[in-house]
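Taken together, the values in this text are just the output of simple stated rules run on the coordinates, not laboratory data. This structure is a prediction, so every number in the text was calculated from the model and none was measured. Positions of Cβ are backbone-derived with ideal geometry, glycine not excepted, and every protein chain shown enters the neighbour counts.
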Amino acid sequence: MADSAGPRRFLTTQWSLVGAVGNDHASQTRARTAMEELCKAYWYPLYAFVRSRGYSAEDAQDLTQAFFTRILETGGLATADRNRGRFRSYLLGALKHFLANEWHREKAQKRGGQVQFFEWNDLDPEDRYAGTATPSAGSEFLFDREWALETLSAALEALRQEMVRKGKGEQFEVLKGSLSWEQEASREEIAERLHMSEGAVKVAIHRLRQRYRDLLRSTIAETVSTEADLDDEMRYLVSILRTE
């Protein structure tokens with residue numbers, strides 16, 4: 001994604017590539033690759049949404065598998081108008097439509113189709129779901145909450161990899177608790193562990209938080225169409241995480 005400010009930064013995002021699919025093979029390949037990357041990032045929020053609607057673990061796995069297979073192989077890209085806004089909203093709407101109208105047709109075939117988009121044994125979805133409490137606000141709020149957590153996790157992993165490349169992997173591991181403000185060690189303890197002054201620790205934490213925020217914005221920017229949508233999604237992510 002381009003680093004320049006304004007509309008240009010959204011010209012080559014994953015979402016823009018999905019929405020720009022044309023009749024030529026090259027654009028279709030780019031759009032499919034982009035959609036696959038986005039779907040992989042959203043598998044758990046969608047799986048949790050399906051499970052919270054009362055489906056068994058087996059049916060939820062089949063439904064999620066079939067949904068991704070169907071959206072990738074039967075023209076789902078053609079309806080992905082990125083000018084309508086957020087990929088998060090598009091994907092949840094498409095899943096709700098699928099659950100309402102397509103499941104019985106899919107079930108008449110081999111469950112999940114012939115293509116296995118996920119290897120569920122590697123993902124252990126039920127182990128994860130066992131620790132996921134369905135909020136009183138319902139399934140859609142659950143989807144949004146898991147989306148928020150996945151987005152934070154993706155930004156944190158990008159930050160970790162960046163710090164490792166710079167030879168600052170140990171510093172990241174010591175300072176990462178400062179990103180949430182909930183698990184932060186004392187500055188004195190951090191300074192001792194990293195052999196830094198407390199002043200240097202303060203500066204390092206400030207820079208790490210700023211870079212984390214930048215990477216979080218970059219992660220969300222891949223799934224929206226405008227700067228205004230990006231700002232809205234950032235605010236919404238914060239509000240979701242603050243809601244019990």
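Label sites at D232 and A130, each approximated as a point 7 angstrom past Cα along Cα to Cβ, lie 4.0 nm apart.
Under the combined filter of DSSP loop state and at most 15 neighbouring Cβ atoms within 10 Å, segment 174-205 retains these GluC sites (Glu not before Pro): E182, E184. Sorting T29, T223, T132 from the fewest to the most surrounding beta carbons within 10 angstrom yields T29, T132, T223. Between the alpha-carbon centres of segment 174-244 and segment 137-170 there is a gap of 11 Å. Along segment 55-71 the Karplus relation, 6.51 cos²θ - 1.76 cosθ + 1.60 evaluated at θ = phi - 60°, assigns HN-Hα couplings of 6, 5, 4, 5, 5, 5, 5, 5, 5, 5, 4, 5, 4, 5, 4, 5, 5 Hz to successive residues, with x for each Gly and Pro.
Here the spin labels are modelled as points 7 Å beyond Cα on the Cα-Cβ line, and at A137 and S239 they lie 0.9 nm apart. Couplings 3J(HN,Hα) of segment 87-94, computed from phi: 4, 3, 5, 4, 5, 5, x, 5 Hz, in residue order, whole Hz [Karplus 6.51 cos²θ - 1.76 cosθ + 1.60, θ = phi - 60°; x for Gly and Pro]. Among M163, M35, sorting on how many other beta-carbon atoms sit within 10 Å of each Cβ, with the fewest leading, yields M163, M35.
Computed from phi, the 3J(HN,Hα) profile of segment 153-159 under the Karplus parametrisation 6.51, -1.76, 1.60 (θ = phi - 60°) reads 5, 5, 5, 5, 5, 4, 5 Hz, with x in place of Gly and Pro.
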